[in-house]
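A quick write-up on the structure given underneath.
Only the coordinates and a few stated rules stand behind these numbers; no lab work does. Bear in mind that the values here come from a model prediction, so they are computed numbers and not experimental data. No Cβ is skipped: glycine too gets one built from the backbone with ideal geometry, and neighbour counts run over all protein chains shown.
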Amino acid sequence: MIPDRSGDRTIRRAGPDDAERLRRLHRTALRRAGTDPDDVPGTDDLADVQLTYVDPGGEFLVVETDGRIVAMGGLTVEGEDLAPGEGELLRIAVDPDYQRRGLGSEIMSALERAARDRDLDRIVLTTARRQAAATEFYPARGYEEIGRRREGEYELLRFAKEIG
């Protein structure tokens, strides 16, 4: 599966040299979606995606074009909120200059394949209500809202999709 070339794009596993570019993409995408990146806790995972995602059995993928990371997303299989057979998608982001070109769908499809490869039955994810594009994108891909909660000024929506 990795790397996968589609035209001038490559989907590949993120590596140690990508950490700064991942942080930059994450901050840019959040800011453009209406979220202050400094309000999002626990983003240290982007400093070492191998240790945080891949080594425990998950995955972290990027879409690269012309040497630039333009989309990313991670799958974790460990977490206190995860049931057996469940994985969680985190850090899904597409560079605002590259949105509406199918890159989000490419990352999601690749991460869903990775989840199936790991014999997971269900994927969950959380996004902020104010991120309107995300709250429309996930249901369009078959994710159903399963809960809501507040964290500070943010209303967070929890989605799930059966993939087994």
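What is the packing order of peptides 65-71, 33-39, taking the mean over residues of other C-beta atoms within 10 Å and listing the highest first? Present the calculation step by step, with values, prior to reporting the outcome.
On the way: 65-71: 16.0, 33-39: 13.0.
In descending order of packing, they fall as 65-71, 33-39.
For region 123-159, applying the loop criterion from DSSP together with a ceiling of 14 other beta carbons within 10 Å to the GluC sites (Glu not before Pro) yields E153. Loop-located GluC sites (Glu not before Pro) across region 5-89 with a Cβ neighbour count of 14 or fewer within 10 Å are E78, E80, with loop assigned by DSSP.
Reducing region 36-85 and region 93-164 to their Cα centroids gives an inter-centroid distance of 13 Å. Among the trypsin sites (Lys or Arg not before Pro) in region 95-138, those located in a DSSP loop and surrounded by at most 16 other Cβ atoms within 10 Å of their own Cβ are R100, R101, R118, R129, R130.
Please get the size of the charge dipole for region 4-124, origin at its Cα centre, with Cβ charges of +1 on Lys and Arg and -1 on Asp and Glu, quoted in debye to the nearest 20. Don't jump to the answer; show the numbers that get you there.
Numbers: 18 positive and 27 negative charges, 134 e Å.
Roughly 640 debye for region 4-124.
Taking Cα pairs under 8 Å and at least six residues apart, what relative contact order does region 4-124 come out at, in percent?
Details: 193 pairs, mean separation 30.4, N = 121.
In percent, rounded to a whole number, it is 25.
Running a GNM on the chain with Cα contacts under 10 Å, which residue among V40, V124, V77 ends up with the highest mean-square fluctuation? In the Gaussian network model the winner is V40. For Cα extents along the principal axes in Å, the listed values are (i) 39, 35, 29; (ii) 46, 36, 29; (iii) 39, 31, 29; which was obtained by calculation from the structure presented? The listed entry that was calculated here is (i).
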